[in-house]
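Following: one structure in structure tokens, then a few remarks.
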Amino acid sequence: MTSWLHRLTRPRIAGAPRWADDLDFLGGTQPAAWWAWVLLALGVLAVVTLSLERQSLSDELERADARLRQAQRFEHQAEMRAKLAAAQAAEHEQQARRQVQVSEQTLRAATKLVQQLAYPWADVLGGVEQASGDVALLGLRHDVQSGEVHLDAAVRDDLMALKWVDALSADRAHFDQAYLQSREPLQQPVGEFTTRVQLVAVLSPRIEIAAAARAAEAASAAPVKAGGRP
């Protein structure tokens, strides 16, 4: 109907063939069907829905990434705290070991000092002096652990040195035995003394027992004095 009216109202070109009148480049205008609008609405809705879902997924991924980074930070902090605690524990253990070593060394030194202070030096020196006679005593060194007394003296000759050894060995109240360790001439003789000798005298067990008893008594009394009460 519309195409026919259009052909009637369209101006006719002179000399144009009749079939040209039948050409219609504009075509007829028809209204869109209702289902086309439904499809368009469904397409727009699908696009909007997909866009919203994409945004939701993107937000969820960002939150998951943030939680992962936070968990990694917590793990790193926990690892650092564990390492710090282990280092502090090792340092405390080393300090405790050093304190124990210092305490043991202090205890050994104190025990040695107590033994030396409690030793019956008067008996030792009395025995040496009694047996020395005409010997010029140059030095005396006592080993608390072995009970040996190392004597350094100047004598006139070897005979005097042997007599001194015999005198020390015969003094059973103070010495268990004595022997000559070395002899050599003095570089600068002093009067009639021309020979330097070194002797070792082993103390009598009686003196050693008395020394041990005195050392034990002194060691037991030391904490009482430190504590300030019996």
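Put simply, of ASP171, ASP158 the only residue that is out of contact with any Cys (no Cβ under 9 Å at 6 or more places or on another chain) and either of a type in the set (Val, Ile, Thr) or modelled with pLDDT under 85 (or both) is ASP171.
Rundown of residues vs (1) at pLDDT 80 or above; (2) among the β-branched types (Val, Ile, Thr), yes/no style:
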position: HIS92; (1), (2): yes, no
position: GLN95; (1), (2): yes, no
position: GLN99; (1), (2): no, no
position: SER103; (1), (2): no, no
position: ALA110; (1), (2): no, no
position: VAL114; (1), (2): no, yes
position: PRO120; (1), (2): no, no
position: LEU140; (1), (2): yes, no
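Could you say whether any residue in region 8-20 is modelled with pLDDT under 55 and of a type in the set (Ser, Thr, Tyr)? Yes: one or more hits.
Residue count for region 134-163 under the criterion of being open to solvent by less than 60 Å² (accessible area, probe 1.4 Å) and not in a helix (DSSP H, G or I): the result is 16.
Among residues of region 119-139 that are farther than 13 Å from LEU168 by Cβ, those with a Cβ under 6 angstrom from a residue that is open to solvent by less than 80 Å² (accessible area, probe 1.4 Å) and in a helix (DSSP H, G or I), sequence gap 6+ or separate chain, pair up as TYR119/ALA211; PRO120/ILE207; PRO120/ALA210; PRO120/ALA211; ASP123/ILE207. Only residues that are modelled with pLDDT of 85 or more, of a type in the set (S, T, N, Q) and open to solvent by 70 Å² or more (accessible area, probe 1.4 Å) were counted across region 180-230, and they come to 1.
For region 140-183, residues that are in contact with a His (Cβ under 6 Å, 6 or more places away or on another chain) and free of Cβ contacts under 8 Å to residues at least 40 places away in the same chain total 1.
The values are calculated or read from the model by the stated rules, or taken from the named source; none is laboratory data. Note that this is a predicted model, so its numbers are computed, not measured. Note: ideal-geometry Cβ built from the backbone for every residue, glycine included; neighbour counts use all protein chains shown. For the accessible areas, the whole protein counts, side chains as well, though only heavy atoms, and no ligand, DNA or RNA atoms are used. Shrake-Rupley method; radii C 1.70, N 1.55, O 1.52, S 1.80 Å.
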